[in-house]
Amino acid sequence: IQLTQSPSSLSAFVGDRVTITCRASQSIGISLAWYQQDPGKAPKLLVYSASSVQTGVPSRFSGAGAGTDFTLTISRLQPEDFASYYCQQFHRYPLTFGQGTRLEI
Amino acid sequence: VQLLESGGNVVQPGESLTLSCVASGFPFSSYAMTWVRQAPGKGLEWVASVSNSGDNIQYSDSARGRFTISRDNSKNTLFLHMTSLRLEDSATFHCAKTMFPYSGAPPTLDSWGQGSLVIVS
């Protein structure tokens, strides 16, 4: 199952609302997760099952979608949100990730 | 939860290497575990997953036949034994914990280690 993220990179300002899209090559139900990764750091789980926000993740992060089209929205960008973001499907093996979206100031 | 990888090194093409991941802060024997790698400047790539008991294993096409994932639940340790290493295997290898215990389904990964760097050159 291929996952295509868009955009590949995105420039925004602190306080902006941004949305990242992930499209699956076939229906995966809600078997999608989103991760955030700072350079040189381990990925961090943000959202699982398409729209469930992981414990401890700020409420400005939200996920939506089902089937083949999914979104991650950050409602009011904070300085610590400038990082790379990846979607991942867990509908079936092999696990696959999107190619990533780099969010820049 | 803490996951600490080790064993990364600089090796020549064709050589072998074993990575370890020591886990703490959760009941290791209850959770499936996964290796994910990331080539320098590139995205995340799933490598292999092993069930909590070790009897159900899945590999990516690039890992199958060359890499072996295993675990020692008595030592809270996950392993990745890699053989016939290629230039394109150069990456940081992360171990990651499955979100739900006793799950045999493809995983969501809720905790990750910082990674161990493998350079094939």
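Between B:LEU87, B:LEU80, which is in contact with a Phe, Trp or Tyr (Cβ under 6 Å, 6 or more places away or on another chain) and touching a residue at least 40 places away in the same chain (Cβ under 8 Å)? Working first, answer last.
Details: B:LEU87 fails: in contact with a Phe, Trp or Tyr (Cβ under 6 Å, 6 or more places away or on another chain).
Within the list B:LEU87, B:LEU80, the selection yields B:LEU80.
Show me the strands (runs of 3 or more DSSP E) entirely contained within region A:1-77 in which 1 or more residues are of a type in the set (S, T, N, Q), farther than 18 Å from B:LEU109 by Cβ and more than 12 Å from chain B (Cβ to nearest Cβ). I'd like the intermediate steps shown before the answer.
Working: elements: A:3-6, A:9-11, A:18-24, A:32-37, A:44-48, A:61-66, A:69-74.
Counting at least 1 such residues, we get A:3-6, A:9-11, A:18-24, A:61-66, A:69-74.
Kindly provide the set of residues from region B:6-25 that are surrounded by 16 or more Cβ atoms within 10 Å (Cβ to Cβ) and either within 14 Å of another protein chain (Cβ to nearest Cβ) or over 14 Å from B:ARG86 (Cα atoms) (or both), ordered by number.
Step one: filter region B:6-25 for residues surrounded by 16 or more Cβ atoms within 10 Å (Cβ to Cβ), giving B:7-8, B:11, B:17, B:19-23.
Matches in region B:6-25: B:GLY7, B:GLY8, B:LEU19, B:SER20, B:CYS21, B:VAL22, B:ALA23.
In region A:87-103, what count of residues is obtained for those that are more than 7 Å from chain B (Cβ to nearest Cβ) and open to solvent by less than 10 Å² (accessible area, probe 1.4 Å)?
Matching residues across region A:87-103 total 6.
Which residue out of B:LEU3, B:LEU44 is modelled with pLDDT of 95 or more, in contact with a Cys (Cβ under 7 Å, 6 or more places away or on another chain) and either of a type in the set (Val, Ile, Thr) or buried (at least 16 other Cβ atoms within 10 Å of the Cβ) (or both)?
Working: B:LEU44 fails: in contact with a Cys (Cβ under 7 Å, 6 or more places away or on another chain).
It is B:LEU3.
B:PHE67 - would you say it is of a type outside the set (Asp, Glu), open to solvent by 30 Å² or more (accessible area, probe 1.4 Å) and within 14 Å of chain A (Cβ to nearest Cβ)? Break it down into steps so the answer makes sense when it comes.
Values: of a type outside the set (Asp, Glu): yes; open to solvent by 30 Å² or more (accessible area, probe 1.4 Å): no; within 14 Å of chain A (Cβ to nearest Cβ): yes.
Judged against the criteria, B:PHE67 is not a match.
The values are calculated or read from the model by the stated rules, or taken from the named source; none is laboratory data. From a predicted model like this one, the values you see are computed outputs, not experimental measurements. Cβ coordinates were reconstructed from backbone atoms using ideal geometry, including for glycine residues, and neighbour counts include every protein chain displayed. For accessibility, only protein heavy atoms count, side chains too; no ligands or nucleic acids. Shrake-Rupley method; radii C 1.70, N 1.55, O 1.52, S 1.80 Å.
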